[in-house]
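To keep things clear, I will list the structure first and then write my remarks on it.
What follows draws every value from the coordinates through simple rules; no lab data is involved. All figures in this text were calculated on a predicted structure; none of them were measured in a lab. Note that we place each Cβ from the backbone using ideal geometry, even for glycine, and neighbour counts take in every protein chain shown.
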Amino acid sequence: MKLCRFQNSASEVCVGQILDESTIADLSASGIESITEILEDSDLISRLETMPVSSTLPMDEVVILTPVEKQEVWAAGVTYLRSKKARMEESDFSANAYDQVYDAPRPEIFFKSLPEKVMGPDECIGIRADSQWNVPEPELVLVTNSKKELVGVSIGNDMSSRDIEGENLLYLPQAKVYDKSCAIGPWVVVGSHEEEIRQWTIGVEITRQDEVVFTGETSIDNIKRNFCDLVDYLGRSQSFPYGAMLLTGTGVVPGDDFTLAEKDVVSICISGIGTLQNTVTVL
């Protein structure tokens, strides 16, 4: 099941369920005011299955928004072998640290974005003006509720300035956390378990002036760490009153000779979820 936030023709923000490729059920008509509210329900699947559909809308008459409401957004790093190698290639100084964290019991987890700064589908994502090496990082997003339960998944783009991070690993917050550096969407999928999700693929395509300049794909199953372990470490000594979103690392990394440019279009597809598309702007 796919839950989304959307803006209708009256500019009202509503909650919906994707029924098919062209139709949305307006759950706001049934009294649902937020995705967060649904994710807190201990029997959310049954609730959605039995909820009467009193209003539907054509997909092309609404604007799909990011599903992030008040959730903090965090990210895990070096969870794929390809990501480990890419981080080590950025800098000899950082190589040892990234090599160690890949095999360590405790994962790398860092704060990524305030909810109000997260970009949604078809919104612009940013690259820093003071960076010369910028890449998208396509990632599976784990969605948790306030009880720190894994309740859904989405698609994320963890934009990164690789030259800044490569200069010194202590610069990671500057390389990762800035305006428009995170996009999540187009919706949250609920009801799928880790065993099923690991059968999905994640891919990215980057076009420049209608020409494909990079494409790559990997399996979600290549994520080394168990989803619940990642959620467990995220929640240690932490409280999330509205839940949280955790990006799980990337297994698709463009080569060292590639950097994003103004007006590039980044499309990230996860087979069991859909596609998140954004256009690049220089900040």
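Using a basic spin-label model with each label point 7 Å from the Cα along Cα→Cβ, how many nm lie between Q209 and S239?
Those two pseudo-labels are separated by 5.5 nm.
Net charge near K112: determine it from the other residues with C-beta under 11 Å of the C-beta of K112, scoring Lys and Arg +1 and Asp and Glu -1.
-2
Could you sort out which of K2/K112; K148/K224; K148/K263 sit more than 28 Å apart by Cα distance in this structure?
Those over the limit are K148/K263.
Taking Cα atoms, how many degrees apart are the long axis of helix 81-90 and the longest axis of the chain, rounded to 10 and kept between 0 and 90?
That helix lies at roughly 50 degrees to the long axis.
Could you give the length gained on full extension between D41 and D256, defined as 0.36 nm per residue of separation minus the Cα-Cα distance, in nm?
Computed gain between D41 and D256 is 72.9 nm.
Given the C-alpha centroids of the range 244-283 and the range 180-238, what is the distance between them in whole angstrom?
10
Using amide H atoms built in the peptide plane, which far-off residues or other-chain residues are under 5 Å from G152 H to H?
So G152 has HN proximity to V143.
State, as an integer percentage, the relative contact order of the range 2-65 based on alpha-carbon contacts under 8 Å between residues 6 or more apart.
Relative CO of the range 2-65 lands at 40 percent.
Taking the Cα centre of the chain as the origin, how large is its charge dipole in debye, to the nearest 20, when only Lys and Arg (+1) and Asp and Glu (-1) carry charge on their Cβ atoms?
That gives a dipole near 620 debye.
Could you give each residue of the range 142-150 its phi-based ³J(HN,Hα) in whole Hz, using Karplus coefficients 6.51, -1.76, 1.60 with θ = phi - 60°, and x for Gly or Pro?
My calculation for the range 142-150 gives 8, 10, 10, 9, 5, 8, 6, 9, 6 Hz in order.
Looking at the calculated P(r) for the chain, what percent of the C-alpha pair distances fall above 33 Å?
Counting pairs separated by more than 33 Å, the tail of P(r) holds 18 percent.
For K70, go through the aspartates and glutamates and keep the ones whose alpha-carbon is under 19 Å away, minus same-chain ones fewer than eight residues off.
Candidates past the 8-residue exclusion: E12, E33, E37, E40, D41, E116, E123, E149, D158, D179.
Counting Lys and Arg as +1 and Asp and Glu as -1, what is the net charge of the other residues whose Cβ lies under 9 Å from the Cβ of V204?
Net local charge, V204 excluded: -3.
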